[in-house]
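Chemist: Have a look at this one before I ask anything.
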Amino acid sequence: MNQSAPEKDEHSVIHSTFTIERTYPQSPERVFHAFADKATVRRWRIEGDGFAIAEFSFDFRVGGGEVSRFSYGGGPEVRLDAQFQDIVPDQRIVFSYRMAVGPQPMSASLTTVELTPSGDGTRLTYTEQGAFFDGVDSAQGREEGTRGLLEALGAELQKSK
């Protein structure tokens with residue numbers, strides 16, 4: 001009997017929520033700055049070996065947003081369009097964002113980053129509620145990617161200011 005892989009539903013959506021907690025040895029003010037400062041965000045989120053950046057704009061204020069267009073390893077262009085919904089300095093950032101690969105929408109998400117003092121450092125709680133479209137991306141893949149980004153944030157925070 002010949003079994004073939006099921007065809008992907010061209011109009012499917014998967015809803016998922018995940019939460020990641022990390023503790024950094026830096027203050028909430030320092031961690032918040034790493035999310036608020038354009039040059040710092042660019043370094044830990046979209047720069048690195050194998051990345052080609054086509055566009056990066058960043059306006060950190062409620063109603064402001066980010067547009068990032070980049071590719072990795074000569075692959076297709078990925079685009080992120082984000083809007084900041086709520087900002088409480090040194091405590092909370094809420095943003096919505098849409099991602100696409102080439103012309104194909106990948107996902108739409110609502111993300112909350114909460115920062116609370118933890119000893120001499122900061123406990124970061126990252127919660128993402130996502131809708132992942134047409135099998136182009138997955139909740140598991142996004143969570144793994146986010147874990148990698150939070151590792152990159154930790155490395156950025158270790159750098160002297």
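Chemist: Starting from segment 82-94, keep only residues that are open to solvent by less than 20 Å² (accessible area, probe 1.4 Å), then list their pairs with residues that are part of a loop (DSSP other than H, G, I, E, B) whose Cβ atoms are within a distance under 6 Å, requiring at least 6 positions of separation or different chains.
Modeler: Sorted first by the residue in segment 82-94, then by its partner, the pairs are F84/V62; F84/G64.
Chemist: Now for a separate question. Take the residues of segment 128-161 that are at pLDDT below 90 and surrounded by 15 or more Cβ atoms within 10 Å (Cβ to Cβ): which is farthest from the chain's Cα centre (by Cα)?
Modeler: D134
Chemist: Moving on. Hey, does segment 89-99 have a residue that's assigned to a strand (DSSP E or B) and more than 29 Å from H15 (Cβ to Cβ)?
Modeler: No, segment 89-99 contains no residue that is assigned to a strand (DSSP E or B) and more than 29 Å from H15 (Cβ to Cβ).
Chemist: I'd like to check something: does segment 37-53 contain any residue that is open to solvent by 60 Å² or more (accessible area, probe 1.4 Å), touching a Phe, Trp or Tyr at 6+ places or on another chain (Cβ under 6 Å), at pLDDT below 95 and of a type in the set (A, V, I, L, M, F, W, C)?
Modeler: Within segment 37-53, one or more residues are open to solvent by 60 Å² or more (accessible area, probe 1.4 Å), touching a Phe, Trp or Tyr at 6+ places or on another chain (Cβ under 6 Å), at pLDDT below 95 and of a type in the set (A, V, I, L, M, F, W, C).
Chemist: A follow-up question, please. In segment 54-79, what residues are surrounded by fewer than 18 Cβ atoms within 10 Å (Cβ to Cβ), under 21 Å from R92 (Cα atoms) and among the acidic types (D, E)?
Modeler: If the condition is that a residue be surrounded by fewer than 18 Cβ atoms within 10 Å (Cβ to Cβ), under 21 Å from R92 (Cα atoms) and among the acidic types (D, E), then D59 is the only one that fits.
Chemist: Restricting to segment 97-118, and then to whatever is in contact with a Ser or Thr (Cβ under 8 Å, 6 or more places away or on another chain) and small (G, A, S), can you tell me which residue is least open to solvent (accessible area, probe 1.4 Å)?
Modeler: Ranking the qualifying residues of segment 97-118, first place goes to S109.
The values are calculated or read from the model by the stated rules, or taken from the named source; none is laboratory data. Remember, it's a predicted structure, so these values are computed and weren't measured experimentally. Neighbour counts run over all protein chains shown; Cβ positions are idealised from the backbone, glycine included. Heads up: the accessible areas ignore ligands, DNA and RNA and are worked out on the full protein's heavy atoms, side chains in. Shrake-Rupley method; radii C 1.70, N 1.55, O 1.52, S 1.80 Å.
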